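Take a look at the structure set out below.
The values are calculated or read from the model by the stated rules, or taken from the named source; none is laboratory data. Predicted, not measured: the structure shown is a model, and the values here were computed from it. Cβ placement follows ideal geometry from the backbone for every residue including glycine, while neighbour counts extend to all protein chains displayed.
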Amino acid sequence: MKRVAALTCAFVLAYILAEVTPVQATPPGHGAGKLVSPEQAQGMLEQGNDRYVRGRQIHPNRDARRRKAIAQAQHPFAIILGCADSRVAPEVLFDRGQGDLFVVRNAGNVVDDVVLASIEYAAEHLGSTLVVVLGHERCGAVTAAASGGEAPGHLPAFFGAIQPSVEKARGMEGELVENVMRLNVQEMVGQIRDSEPVLRHRVQEGRLKVVGARYDLDTGEVRFLP
Ligand SMILES: [Zn+2]
């Protein structure tokens, strides 16, 4: 009888604890993952890009074994917000494979609510600790926004996002498109860092780092921006 009472007690206690303990809403198969610090994550990207530039790629995590290993859960160590440009594929230029990078791409690597939601998802539920906003030289989206004029169709959606950087770049020394690209990356980094309530909080706690970077189409080099 005592045993039954003890078991009942334990059951009730476990139930109460489960009720009052805040549990993160993690979708099945998506745990916090292996924790890679933001600095480690950046180091892994830098090493991968170095291999790519030197033509010493190892093409990691692209075989059937990796596919099986990540079939039920993913733990990408970095989030990349990059341009949709066909020459700027993150897995290629960082020499990474399946399950390594959570990639969000659009023309001009701009931020909107859907992009922020995607980044929040990866940071909150997949354990990613680094966000890289990856701009690149001779960006068509930036060039189009910088040249102004009438924007047909849905183009105003990203023109509007890049426009503040175009205004800031006017009067600056140097090449307009290059300056707008850099300012636009900085602007998007700022918007991600300041995004309430999820991302800003994680940045302040040091659990998430947001950095800008520039990809060189000629050399393949990715330079992280200060
Ligand atoms: Zn581009």
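Remarks
- Taken residue by residue, the range 113-126 has at least one member that is within 16 Å of the ligand (Cβ to nearest atom) and surrounded by 13 or more Cβ atoms within 10 Å (Cβ to Cβ).
- Flag if Cys83 is surrounded by 21 or more Cβ atoms within 10 Å (Cβ to Cβ), at pLDDT 95 or above, over 18 Å from Gly48 (Cβ atoms) and touching a helix residue (DSSP H, G or I) at 6+ places or on another chain (Cβ under 6 Å): no
- Asp100 being more than 10 Å from the ligand (Cβ to nearest atom), on the phi < 0 side of the Ramachandran plot and surrounded by fewer than 24 Cβ atoms within 10 Å (Cβ to Cβ): no
- Some residue of the range 133-145 being surrounded by 20 or more Cβ atoms within 10 Å (Cβ to Cβ) and either within 11 Å of the chain's Cα centre (by Cα) or among the charged types (D, E, K, R) (or both): yes
- Failed item, numbered, when Val142 is tested on (1) touching a residue at least 24 places away in the same chain (Cβ under 8 Å); (2) closer than 24 Å to Ala78 by Cα: (2)
- Exclusive hit being modelled with pLDDT of 95 or more, in a helix (DSSP H, G or I), among the β-branched types (Val, Ile, Thr) and within 16 Å of the ligand (Cβ to nearest atom), set Val203, Val185, Val132: Val185
- Cβ pairs under 9 Å, 6+ apart, first in the range 77-98 and more than 16 Å from Leu130 (Cβ to Cβ) and in a loop (DSSP other than H, G, I, E, B), second of a type in the set (Asp, Glu) and more than 12 Å from the ligand (Cβ to nearest atom): Asp95/Asp50; Gly97/Asp63; Gly97/Glu91; Gln98/Asp63; Gln98/Glu91
- Selection within the range 196-222 - touching a helix residue (DSSP H, G or I) at 6+ places or on another chain (Cβ under 9 Å), under 24 Å from Asn49 (Cα atoms) and surrounded by fewer than 14 Cβ atoms within 10 Å (Cβ to Cβ): Thr219
For (1) touching a His at 6+ places or on another chain (Cβ under 6 Å); (2) part of a loop (DSSP other than H, G, I, E, B), each residue gets a yes or a no:
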| position | (1), (2) |
| --- | --- |
| Gly127 | yes, yes |
| Arg138 | no, yes |
| Ala145 | no, no |
| Gly149 | no, yes |
| Val166 | no, no |
